[in-house]
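Remarks on the structure that follows.
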Amino acid sequence: MTSLPAFSVLRADHLRRILALLMAVALVLTVAAAEKKPKKEKSTVADPGIEGDGDFVLGPEYTKAPEMSRKEGVPKGDIHQFTMQSTESKIYPGIRGPYSRKVWVYVPKQYVVGQPAPFIIVQDGGGYVGRMSTALDNLIFEKRVPAQIAILLDSGGGDSKGSQRGLEYDNLTDAYTAFIESEVLPRVAKDYKLTFTKDPEGRASMGGSSGGACAFTMGWFKPDLYRRILTYSGTFVAQESPDNPKSPHGAWEYHLNFIPKSEPKPLRVWLQVGEFDNGHNSGDKAYHNWVLANHRMAAVMKAKGYHYHFDFCKNAGHVDGKVLDQTLPGALEWLWRGYPIAK
């Protein structure tokens, strides 16, 4: 048998050593990369069941829920307030010139610094600060909802087509969500040393009228970010501005085309409308009847198998205060069903 030359043996041994060294370096780099990568939150959401799902009729009389009044011994959350200027925004610099918006931040006493917390975004926030803070104080204390932060912010002003509010709330795009994610949450987190959960199951949005449609739009276009939606007298009608060829009938398209023709999304949606809500005397040809629009929303969500709750409120108008005072605590409790509550 012919033996290999000595230099060939040495060469093979040298190559093996180089290969082993490269593999060791690759292993070190892989471990280092894994250590730098932030740990992803694990969702521990339980099956919410079907309690409270479906269609309901309320009224004509209403009673203020006990959770809507201050209770002795219940700790009050802290409420911070600041103002955002249009000149600071890359997404909403002002459709009709400069403007400012107020923002309120509710932080429950049970918040644990550094721990990712669930939260709810509230459109037209100034109109809900009192109700939301009282309801959340009581519900969190009674462990009926998770300890959550509420970011309540006003729009940029005006109403309906051609306004800053209309641009923000009635548009069927993800622009408003991008505004919240890139301009609102980072500022709130920094200024008040808060940590927000990245789990979409722990992120909710709420609003009345166009603010309700906006809340739904956040979930519809970004279910990877927001999945719990609470609406009162939602403007699911033709009011989008500027006109969008992808949604020629504005938010009416949700129940006309978008929901019926799409696979169900992982959303949990509370709907409400008043008997005498906007456009209640009009038909459907103008696509501007809030009562009909919300009934249609409930019907298509039922047909597609969503977890939804719909209240048709007799003797009630548009975003009616007496309806809010009776239903808001129950709405929040239903909205957060399945989400873990710290003992």
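See the values below:
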{"read-out": "Ranked packing of 120-130, 82-92, 230-240, most packed first, by mean Cβ within 10 Å", "value": "230-240, 120-130, 82-92"}
{"read-out": "Pair Tyr192, Lys285: separation of 7 Å Cα→Cβ label points (nm)", "value": "4.9 nm"}
{"read-out": "Which listed pairs, of Lys190/Lys246; Lys90/Lys193; Lys261/Lys285; Lys193/Lys314; Lys314/Lys343; Lys302/Lys322, have C-alpha distances above 32 Å, in listed order", "value": "Lys190/Lys246; Lys193/Lys314; Lys314/Lys343"}
{"read-out": "Length-normalised contact order for the chain - Cα pairs under 8 Å, 6+ apart - percent", "value": "20 percent"}
{"read-out": "The stretch 210-293: trypsin sites (Lys or Arg not before Pro) in DSSP coil with no more than 12 other Cβ atoms inside 10 Å", "value": "Lys246, Lys261, Lys285"}
{"read-out": "Cα-centred dipole magnitude for the chain, charges only on beta-carbon of K, R (+1) and D, E (-1), debye, nearest 20", "value": "1300 debye"}
{"read-out": "Added length on full extension, which subtracts the Cα-Cα distance from 0.36 nm per residue, Ala175 to Val113", "value": "19.3 nm"}
{"read-out": "Rough spin-label spacing in nm, given labels placed 7 Å along Cα→Cβ, for Glu263 and Ser69", "value": "5.0 nm"}
{"read-out": "Inter-probe distance in nm under a simple model that places probes 7 Å from Cα toward Cβ, at Asn244 and Lys302", "value": "2.8 nm"}
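Rule-based calculations on the coordinates, nothing more; no lab input. These numbers were taken from a predicted model, which means no experiment stands behind them. Don't worry about glycine lacking a Cβ; one is built from the backbone with ideal geometry, like all the others, and counts go over all protein chains shown.
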